[in-house]
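Q: The structure is given below, and queries will be raised subsequently.
All of the numbers you see were taken from the coordinates with simple rules; none came from a lab. Quantities reported herein were computed from a predicted structural model and do not represent experimental measurements. Cβ atoms come from the backbone with ideal geometry, glycine included; neighbour counts cover every protein chain shown.
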Amino acid sequence: MKSKNINQLVLAGVLCGIGIVVPMLMPKIVIGPMSFTLASHVAIFIAMFISPKLAAVVCLGTTLAFYDDAVIIALRAASHICFALLGAVLIRKIPEIIEKPLPSTVFNGGLAFVHALAEVAVVSPFFLPAAFSNRNSLPTVML
């Protein structure tokens, strides 16, 4: 039991370390109000396959990597806990969901949708007031 806890702690530390270093080394793509950091989800995806608890810890740990950029980007990173926990729980409860093409496609599409909804919920308070005052920018916010 103690060995398993130490193993989980070490894995959490390594994956958080990877999640913190990736934004420092990987290129960032900025298009308008949006920004994308390549490979920023890798540590979270690996943690999802190990356990829900580890997925949650890695999401919170990797959020620290984005506090240098802006609060909104850090909040977007923190919102990853929604899809990571859901994905980790589903993988734990229904492991065959990732073994067959159709269920895994539905699983990935569903997680992508939850991921997008969580990020939209986080960024909306920052961008929607300005978008409603200037009707030309509303489509940009919704994309």
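Q: If I stretch the segment between VAL89 and ALA70 completely, what's the gain in nm (0.36 nm per residue apart, minus their alpha carbon distance), one decimal? Mind dumping the intermediate values first?
A: Values: separation 19, 0.36 × 19 = 6.84 nm, distance 3.01 nm.
Using 0.36 nm per residue and subtracting the Cα-Cα distance, I get 3.8 nm.
Q: Projected onto the charge dipole of the chain (+1 at Lys/Arg Cβ, -1 at Asp/Glu Cβ, origin at the Cα centre), which of VAL42, VAL120, LEU54 gives the Cα projection farthest towards the positive end?
A: Looking along the dipole axis, the top candidate is LEU54.
Q: To the nearest 20 Debye, how big is the dipole of the chain about its Cα centre, given +1 on the beta carbon of each Lys and Arg and -1 on that of each Asp and Glu? Could the numbers behind the result be given before it?
A: Numbers: 9 positive and 5 negative charges, 64 e Å.
That gives the chain a dipole magnitude of about 300 debye.
Q: In addition: Just want the answer: with Cβ charges of +1 for Lys and Arg and -1 for Asp and Glu, which residue in ASN7, ILE81, MET26 is farthest toward the dipole's positive end in the chain?
A: ASN7
Q: Still on this structure, please answer the following. Want the number for MET34 to VAL21: 0.36 nm per residue separation, take away the alpha-carbon distance, what's left? Present the calculation step by step, with values, prior to reporting the outcome.
A: On the way: separation 13, 0.36 × 13 = 4.68 nm, distance 2.09 nm.
The MET34-VAL21 span can extend by a further 2.6 nm.
Q: Suppose every Lys and Arg Cβ carries +1 and every Asp and Glu Cβ carries -1, with no other charges. What dipole size does the range 20-104 come out with about its Cα centre, to the nearest 20 debye? List each step's numbers first, then the result.
A: Values: 6 positive and 4 negative charges, 36 e Å.
Once rounded to the nearest 20, the dipole reads 180 debye.
Q: Of the listed values (i) 45, 36, 25; (ii) 57, 36, 23; (iii) 46, 44, 30, identify the label whose number matches Cα extents along the principal axes in Å calculated from this model.
A: Recomputing Cα extents along the principal axes in Å here gives the entry labelled (ii).
Q: Under a point spin-label approximation (7 Å from Cα along Cα-to-Cβ), what is the PHE49-ILE98 distance to one decimal in nm?
A: 0.6
Q: Output ³J(HN,Hα) for the range 64-77: one whole-Hz value per residue in order, computed from phi by the Karplus curve 6.51 cos²θ - 1.76 cosθ + 1.60 with θ = phi - 60°, and x for Gly and Pro.
A: So the J values, rounded to whole Hz, are 4, 5, 9, 5, 6, 6, 6, 4, 5, 5, 5, 5, 4, 5.
Q: Taking the alpha-carbon set of the range 1-66, what are its Rg and Dmax in Å?
A: Cα radius of gyration and Dmax of the range 1-66 are 13.2, 49 Å respectively.
Q: HN-Hα J couplings of the range 37-47 from phi, Karplus 6.51/-1.76/1.60, θ = phi - 60°, integer Hz, Gly and Pro as x?
A: 10, 5, 6, 6, 9, 4, 4, 5, 4, 4, 5
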